[in-house]
Structures are given as structure tokens and as C-alpha cells.
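Participant: My questions all concern the structure below.
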Amino acid sequence: MNIAILGCGYVGTPTARLWRRQGHTVTATTTTPDRVAELEQVAQRVMVLKTNEPLALQELLSGQDVVVLSVAPKRGTNYNYKGTYLDSATHLVAALQQGSSVRQVIYTSTCSVYGDKGGEWVDESSAPAPANENNQILLDAENVLLGAANNALRVCILRLGGIYGPGRELERIFRNAPGTTRPGTGDEPMNWVHLDDIVAGLEFARLQQLRGIYNLVGDVPIASRDLLDGLCHQQGWAKVSWDPSAPAARSYIARVSNRKLKQLGFHLTHPAVSYTHLAGDSQMTLP
């Protein structure tokens, strides 16, 4: 297949490497010219473009079978969600409607669109309730893409949990937590997904020609307190304290089910939260 990856960063790069190794022709995009040499190692073609450049976007889509939209705000840009997510989705749909060979669009979204469900279980049939403007933008981007679906174009939305993996180990993510006091009780569930499973999920979506919305998370959510207690114990860090009088700072509180995707035959490599211990290479599972 000819596959274009719009936004070839933390998720897109290993996905491009997999697909190139399988014999597909991969086009990777970046907004950073300095990354061209790096991406040429994983993709046959690299384009420097922004999604608001219609001619460049039309050139990218020409001859493609599948497009993956996996964008993220640049650091130091005040995390421009509208420009990054909603505008990218809108420009991509406009380009597709000009006529293209693309038969599937796969978009990496987020489970945060479910909002505060009081820690209850949710699945793809649960009504989203974004808790803030940024999460509403993410939901709007989903809807723009889903609105472009038709008999000739499948649109698949993968709602991801919190991403961890090589270079984003949990001990790195929470390196500033030891000895601090965090708002809430720590009972709020956290839904995580390993990078390996995201790459596998993108490949599964492509192979199965999926359309619609799918949650891509681990099997068992873990309470914030349990995760941080486990990390602090394993790393020898000062324990984290909790302040129940302060509302939890998280934008969504829900246990997210991955049953829909697994019922189709998808298997997770990392079904439970795990991380590589700093003292060695063994995989530790929490709690």
C-alpha cells in the first residue's frame, strides 16, 4: 500500500518503520526541516508541510491508499490545540473532497473526550462530555473527520489513553511527583496505553479496514495513588501525599473499556501498566 503519515512524531515514526519493513511505501510529514534526515530512515519519502498548505496537501494525498493523522502541538507553541487538531482535520477533509485515491483515514484521538464520568466504565457508545475547551476541540476534530466518511472512504478514530513507552517511561513522566502533595484522593482511575500497542493498533486498523470509533487502552485502569505509590516504592522516591479537600486536576475521570477492539481479535502486548526499572531491563508491573 501507499501510506501517508501526517505528523510523524512519537507515534508515527515507529509506525512508519513497521510499514516500510513490511514493504509498503510510506510518506512521512513533518513541520520541522531538521527532522528530514531522521525520517528518511523510516520512510521512502519525507515532506515538510503544514496542513494549511492546500497544494502541498494535495501533492501528499496523490496516489495514497491510507492516511494516518497523528499530529501533536509543538513544544513552546502554547499547545495550540485548534491549529494542531481541528484545523488539521478540517484541511485534510477539504483536500480529500477535492478528489483522491485515499480509502481510509486513521486518526489518533484521546479518551479525554469522555470527560468526568465519576470513575464509571465507559465505552464507545458513551456520550462524550469534554471538560474543557481543548478536549472539546479534540472531539470537534473527530466529528469533522467522521463527517467525511462515505462508501468509498473509511474513517477510523482510535481514542488513546495516556501514552508511555521508550523515552516516555512512567518514571520520567512523574519524575517531579516525589514528595509533593497532589489534589484529590488519588482514587481517580488512569487509562494508559503503551507505544507498542498503539503501533499494533494502527496496523490492526489498517489490516481490518476499520471504520468508526475504538478505544485503544490497556485492560485495567489503575488508580493514581496505586501508580504513584508503586513508582515511588520501586525508585526509592519520597512518597506522594494527597489533599482530598482539593478537586482532582485531571480533565477526565473514567474507566475506559477496550472490549470493542479486542472482540475483533486485537491483542495487547502490554495489557497492564508496566515500566522498565532503571536498575535493569526487567519489566515491572504495577501494583
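The values are calculated or read from the model by the stated rules, or taken from the named source; none is laboratory data. Keep in mind it's a predicted model, so treat the numbers as computed, not measured. Note that each Cβ is placed from the backbone with ideal geometry, even for glycine, and that neighbours are counted across all protein chains shown. The area values use the complete protein model at the heavy-atom level, side chains included, leaving out ligands, DNA and RNA. Shrake-Rupley method; radii C 1.70, N 1.55, O 1.52, S 1.80 Å.
Participant: Let me know the longest stretch in the chain that avoids all trypsin sites (Lys or Arg not before Pro) found in a DSSP loop with at most 14 other C-beta atoms within 10 Å.
Facilitator: It runs 104-174.
Participant: If you wrap a convex hull around the Cα atoms of region 18-90, how much volume per residue is inside, in Å³?
Facilitator: Working: hull volume 7.2 nm³, N = 73.
It is 99 Å³ per residue.
Participant: Follow-up question, since we're still on this one. Measure nothing but the geometry: give the 0 to 90° angle between the long axis through the Cα atoms of 195-207 and the longest principal axis through the Cα atoms of the chain, rounded to 10°.
Facilitator: Once rounded, one gets 40 degrees.
Participant: Contact order normalised by length for the chain, with contacts defined as Cα pairs under 8 Å and 6 or more residues apart; what percent is it?
Facilitator: Answer for the chain is 17 percent.
Participant: Using alpha-carbon positions, what is the distance between the centroids of region 78-103 and region 138-194, in Å?
Facilitator: 20 Å
Participant: Along the three principal axes, how long is region 1-146 when you take its alpha carbons, biggest first, rounded to the nearest angstrom?
Facilitator: If we take the Cα atoms of region 1-146, the spans are 46, 33, 30 Å.
Participant: Specify whether the C-alpha gyration tensor of region 62-129 places it in the rounded, prolate or oblate class, a ≥ b ≥ c being the square roots of the eigenvalues: rounded for a/c under 1.5, otherwise prolate if a/b is larger than b/c and oblate if not.
Facilitator: On the way: a/c = 2.80, a/b = 1.51, b/c = 1.86.
Oblate is the answer for region 62-129, as a/c is 1.5 or above yet b/c matches or exceeds a/b.
Participant: Per residue, what accessible area does region 1-148 have, given a 1.4 Å probe and all protein chains present, in Å²?
Facilitator: Heavy-atom accessible area per residue stands at 46 Å².
Participant: Excluding same-chain residues fewer than 8 positions from residue 50, which lysines have a Cα within less than 22 Å of its Cα?
Facilitator: List returned: 74, 82.
Participant: Next question, about the same structure. Which whole-Hz couplings ³J(HN,Hα) result when phi for each residue of region 11-21 is put into the Karplus expression 6.51 cos²θ - 1.76 cosθ + 1.60, θ = phi - 60°, listed in order with x for Gly and Pro?
Facilitator: 8, x, 5, x, 5, 4, 4, 4, 5, 5, 4
Participant: Right, something else. Please work out whether region 94-205 counts as rounded, prolate or oblate from its C-alpha gyration tensor, where a ≥ b ≥ c are the square roots of the eigenvalues and a/c under 1.5 means rounded, while otherwise a/b larger than b/c means prolate and anything else oblate?
Facilitator: The shape class here is prolate.
Participant: Run lengths n ≥ 4 of DSSP H only: what is the helix-derived mean residue ellipticity at 222 nm for the chain, with -39500 (n - 2.57) per run over all residues, to the nearest 500?
Facilitator: Taking each H run of at least 4 residues, the total per residue is -8000 deg cm²/dmol.
Participant: Heavy atoms only, probe 1.4 Å: what % of the accessible area of region 35-77 goes to carbon and sulfur, would you let me know?
Facilitator: 49 percent
Participant: Taking the alpha-carbon centroid of each part, what is the distance from region 36-56 to region 1-18 in angstrom?
Facilitator: 11 Å
Participant: If you work out volume of the Cα convex hull per residue in Å³ from the coordinates, which of (1) 221; (2) 136; (3) 210 do you get?
Facilitator: Correct label, based on the coordinates given: (2).
Participant: Please list the radius of gyration and Dmax for region 98-148, considering alpha-carbon atoms only, with Å as the unit.
Facilitator: 13.3, 44
Participant: When the accessible area of region 99-198 is split by element with a 1.4 Å probe, what percent falls to carbon and sulfur?
Facilitator: 45 percent
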